[in-house]
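Notes for the one structure printed next.
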């Protein structure tokens, strides 16, 4: 690694430590504010995610949203490709997907208009630092190319906020970030 890769790796390490501490102190299910934001988008196809490790969990908010419209979760089909989203509902049959995230046993693809984006760190300008695979950057770029009003909502603990994230031109911005403490819009 050199240059920006080294800087991103260090920023990720620091953010993972902050996220781990917040997860231990607050617990995973802190989705009250997220549910309120999603209520304004009822009926629109939504993509959430199945939390892994110390990620904040959107599952309660996703369950509420699934009563009003389709909800999908990301499926990694191949490194280097955008994500696809398979329909999810509370209690649906799941299997382990790449990186340990659960995915539906039967794929029923949806195209989301609202995407809840997991992250490692975020800043007050809508910047997001992810795991480094570029999956959400490619996905948001593709979705916004065909539907510019696609809404990207970062979901994180407030402790994951950082200053001066090392971003690149390919990093897709968030439209807002929801934390256990409230909503940050850009």
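The values are calculated or read from the model by the stated rules, or taken from the named source; none is laboratory data. Everything numeric in this text was worked out from a predicted model, so none of it was measured. Positions of Cβ are generated from backbone atoms using ideal geometry, with glycine treated the same way; all protein chains shown enter the neighbour counts.
Summed over the range 136-147, the residues that are surrounded by fewer than 20 Cβ atoms within 10 Å (Cβ to Cβ) and in contact with a strand residue (DSSP E or B) (Cβ under 9 Å, 6 or more places away or on another chain) give a count of 2. With respect to (1) closer than 18 Å to residue 120 by Cα; (2) crowded, with 18+ Cβ neighbours inside 10 Å, the lone exception for residue 38 is condition (1).
If the condition is being touching a helix residue (DSSP H, G or I) at 6+ places or on another chain (Cβ under 7 Å) and either part of a helix (DSSP H, G or I) or surrounded by fewer than 16 Cβ atoms within 10 Å (Cβ to Cβ) (or both), then the range 12-32 contributes 15, 18, 19, 21, 22, 29.
Looking only at residues of the range 43-64 that are more than 24 Å from residue 20 (Cα to Cα) and free of Cβ contacts under 8 Å to residues at least 60 places away in the same chain, we find that the one that is farthest from the chain's Cα centre (by Cα) is 43. Any residue in the range 43-60 that is more than 30 Å from residue 6 (Cβ to Cβ), surrounded by fewer than 17 Cβ atoms within 10 Å (Cβ to Cβ), in contact with a strand residue (DSSP E or B) (Cβ under 6 Å, 6 or more places away or on another chain) and modelled with pLDDT of 95 or more? Among the residues of the range 43-60, at least one is more than 30 Å from residue 6 (Cβ to Cβ), surrounded by fewer than 17 Cβ atoms within 10 Å (Cβ to Cβ), in contact with a strand residue (DSSP E or B) (Cβ under 6 Å, 6 or more places away or on another chain) and modelled with pLDDT of 95 or more, which makes the answer yes.
One line per residue, one yes/no per condition, for (1) on the phi > 0 side of the Ramachandran plot; (2) part of a strand (DSSP E or B); (3) touching a strand residue (DSSP E or B) at 6+ places or on another chain (Cβ under 9 Å):
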{"position": "126", "(1), (2), (3)": "yes, no, yes"}
{"position": "149", "(1), (2), (3)": "no, no, no"}
{"position": "153", "(1), (2), (3)": "no, yes, yes"}
{"position": "163", "(1), (2), (3)": "no, no, no"}
{"position": "168", "(1), (2), (3)": "no, no, no"}
{"position": "171", "(1), (2), (3)": "no, no, yes"}
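Working only within the range 108-125, note down all residues that are surrounded by 14 or more Cβ atoms within 10 Å (Cβ to Cβ) and over 12 Å from the mean Cα position of the chain (by Cα). Those that are surrounded by 14 or more Cβ atoms within 10 Å (Cβ to Cβ) and over 12 Å from the mean Cα position of the chain (by Cα): 110, 111, 112, 113, 123.
Filter the range 75-124 down to the residues that are out of contact with any strand residue (DSSP E or B) (no Cβ under 8 Å at 6 or more places or on another chain) and either under 16 Å from residue 152 (Cα atoms) or outside any loop (DSSP other than H, G, I, E, B) (or both) and list them by number. Correct list: 82, 98, 99, 100. For the range 123-153, the tally of residues that are touching a helix residue (DSSP H, G or I) at 6+ places or on another chain (Cβ under 9 Å) and free of Cβ contacts under 8 Å to residues at least 60 places away in the same chain stands at 5.
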